[in-house]
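> First, the structure itself, so that you have it in front of you.
Nothing in this text is a laboratory measurement; each read-out follows from the coordinates by a stated rule. In this text the structure is predicted, and so the values were computed from the model without any measurement. Glycine gets a Cβ as well: all are built from the backbone with ideal geometry, and neighbour counts include every protein chain shown.
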Amino acid sequence: MIETPAAPSVLTPVRRPTDGMLRFIRYGFMPNRLRYCGGDDNRTLFEYGVAHVVDGGLTPLLKRFTGALPYLQLIARANGIADPFDDRVVEAYWIGNELLEGVEVRQMYDSLLARFGKQLQSRTRDLVLGKAPAGARPHHSFHVFDVHSRVGELEHSLDTLDNCRVSWARVVRLEGAAAVVERQPLRLVDGKLMLAPVQIERVTRQVGGQGFADDAQPGDWVTLHWGWVCERLDDRQRRALERYTLHHVRLANQTL
């Protein structure tokens, strides 16, 4: 029997049609700025994000994130949602919610096969495809821990995995464009991935005096992606992110 994490309801938040695109920018901006994914659009994406503006020019920019887009399309299709940038879908991929449980094993397997079947060698292909019946969900943590290193997207190192995953952190204090936070870093212990005890870290929250979580205060939970503060988290979201992250850590450890 496949053990999968129970997901909280996604029906409570009040969502606007533009929320999903703006949320995607919060997570896509920094890896785009570092030239890891998307087009050469980080300045434009940042301007959209801080202005909270969505128009017809934004969708083509977001579709250049070819690593994330197939997962968004899968989540949307499996749950009968027309727009892959619907906020519920975007939240499911980056943070986690019950839409992930609406993706059937066969749908996940077929999506991985279509995407990586010809790209990967036989043993590696079988390993990645086998994660679907093992319980993988189309969550960013799955892609980080079990896919990206095998398809050669980024240098494979523990620091890369730790920076690329979306993590949760509690704000300790603000220091200008930086925030000092408490966070559990990813570690490799006896050949297995695990989250270490909480440590103090200094991360970036603003560029040019602006950021995506300028309202975050000491004591608040926030998400981090590549050392960048993406957004504030409520308790439901924090629990979901932790749950799906730990689920995919366990899944990755099966084949390390």
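> Among Thr204, Ser141, Met108, which residue has its Cα furthest toward the positive end of the charge dipole of the chain, with +1 on Lys/Arg Cβ and -1 on Asp/Glu Cβ?
Of the candidates, Met108 comes out farthest on the positive side.
> Could you check the simple spin-label distance between Ala82 and Gln107, using points 7 Å along Cα→Cβ, in nm with one decimal?
Rounded to a tenth, the inter-label distance reads 1.8 nm.
> Taking DSSP loops as anything outside H, G, I, E and B, show the longest stretch in the chain free of GluC sites (Glu not before Pro) there with at most 15 other beta carbons within 10 Å.
Between the exposed loop sites, the longest stretch runs 156-256.
> When N is the residue count of the range 158-253, what does its C-alpha Rg come to as a fraction of 2.2 N^0.38 Å?
With N residues counted in the range 158-253, Rg over 2.2 N^0.38 Å equals 1.08.
> Just rank Asp162, Asp110, fewest to most, by other beta-carbon atoms within 10 angstrom.
Asp110, Asp162
> Determine the dipole magnitude for the chain: charges of +1 sit on the beta-carbon of Lys and Arg, -1 on that of Asp and Glu, nothing else is charged, the reference point is the Cα centre, and the result goes in debye to the nearest 20.
460
> While we're on this one: Would the range 123-203 count as rounded, prolate or oblate if I go by the C-alpha gyration tensor, calling it rounded below 1.5 in a/c and otherwise prolate when a/b exceeds b/c, oblate otherwise?
prolate
> By how many nm would the segment from Asn253 to Ala134 grow when fully extended, if each residue of separation counts as 0.36 nm and the alpha-carbon distance is taken off?
In short, 41.6 nm is gained.
> A further question follows. Mind checking the full-extension length gain between Thr18 and Val53? Use 0.36 nm per residue of separation minus the Cα-Cα distance, one decimal, nm.
Taking Thr18 through Val53 to full extension adds about 11.8 nm, to one decimal.
> Something else: Dipole magnitude of the range 109-256 about its Cα centre, charges +1 at Lys/Arg Cβ and -1 at Asp/Glu Cβ only, in debye to the nearest 20?
500
> Let me ask you something else. Once you place label points 7 Å from the Cα toward the Cβ at Val189 and Leu174, how far apart are they in nm?
For Val189 paired with Leu174, the spin-label model returns 3.5 nm.
> Choose one of Leu224, Leu193, Val54: the residue whose Cα lies farthest towards the positive end of the charge dipole of the chain (beta-carbon charges +1 Lys, Arg; -1 Asp, Glu; about the Cα centre).
Result: Leu193, furthest along the dipole toward the positive end.
> Still on this structure, please answer the following. For the pair Leu158 and Ala196, how long in nm is the line joining their label points, each one 7 Å along Cα→Cβ?
Between Leu158 and Ala196, the label points sit 0.7 nm apart.
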